[in-house]
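The structure under discussion appears below in the form of structure tokens.
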Amino acid sequence: MIVKRFILISVIFVGLVSRNLLSQNLDYIDSLKTKLDTSNTENLFENYLRIGWEYRKSFPDSTIFFSQRALELAKGAEMQFKTAKPLNYIGVGYYYKGENVKAFEYYNQAKDSAIINADSVQYGHSLNNIGRIYFNQGNYIEAYDYFF
């Protein structure tokens, strides 16, 4: 009887702790939203991406929305060299929505943008993201090529 209670309490405790660890930090997202300063394009760009990243698991549509805003800023301002990151984030949004084909398209656009702009960090993220799609589909040889 004691063992059953211990197991039940342990399961409830682990469930509550893991739920809190996996849930979104809404306070952080709200604090980022208050920092959306439209007078500084660079800060607005970065905050759009931060907000988008925070939403990726629970609300991937919001990830896509905020990342597209960042992409528009990058294309419109003198930041064309920063287009790879929002493209990768848009791909992440589609990946979490389960739309792997669209995610793959955006990851490839991000890869191409990263090559053009000599952005090795985003190039690496793009390759890793593409490899993850192949890996999840069971195409381990193709995934290895992208991971390697």
Query raised in the report: Using the Karplus equation 6.51 cos²θ - 1.76 cosθ + 1.60 (θ = phi - 60°), what ³J(HN,Hα) coupling, rounded to whole Hz, does each residue of region 134-148 give in order, writing x for Gly and Pro?
Result: 4, 4, 5, 8, x, 8, 5, 5, 5, 4, 4, 4, 6, 5, 5
Report summary line: On the formula 1/(1 + (r/R0)^6), with r taken between the Cβ atoms of Ile141 and Ser58 and R0 of 25 Å, the FRET efficiency rounded to 0.05 is 0.15
Requested in this report: Calculate the spin-label point distance for Asn128 paired with Glu72, positioning each point 7 Å from the Cα along the beta-carbon direction, and give it in nanometres.
Outcome: 2.9
Query raised in the report: Amide H neighbours of Phe59 under 5 Å, counting only residues 5+ apart in sequence or on other chains, H built in-plane at 1.01 Å?
Result: none
Requested in this report: Indicate the gyration tensor shape class of region 41-104 (rounded, prolate or oblate), computed on the Cα atoms with a ≥ b ≥ c the square roots of the eigenvalues: a/c under 1.5 is rounded; otherwise a/b larger than b/c is prolate and the rest oblate.
Outcome: oblate
Report task. Could you calculate the contour length gain from Thr41 to Ile115, that is, 0.36 nm times the residue separation minus the distance between their Cα atoms, to one decimal place in nm? Result -> 24.3 nm
Report summary line: Phi-derived 3J(HN,Hα) across region 79-84 with the Karplus relation (6.51, -1.76, 1.60, θ = phi - 60°), rounded Hz, x for Gly and Pro, is 10, 4, 6, 10, 6, 5
Report summary line: Ranking Ser120, Ser113 from most to least accessible area with a 1.4 Å probe gives Ser120, Ser113
Report summary line: HN-Hα couplings for region 95-105 via Karplus (6.51, -1.76, 1.60; θ = phi - 60°), in whole Hz with x for Gly/Pro, come out as 4, 6, 7, x, 9, 5, 5, 5, 4, 4, 4
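The values are calculated or read from the model by the stated rules, or taken from the named source; none is laboratory data. Bear in mind that the values here come from a model prediction, so they are computed numbers and not experimental data. So basically every Cβ, Gly included, is an ideal-geometry build from the backbone, and we count neighbours across all protein chains shown. Note: areas computed on protein heavy atoms with side chains; ligands, DNA, RNA excluded. Shrake-Rupley method; radii C 1.70, N 1.55, O 1.52, S 1.80 Å.
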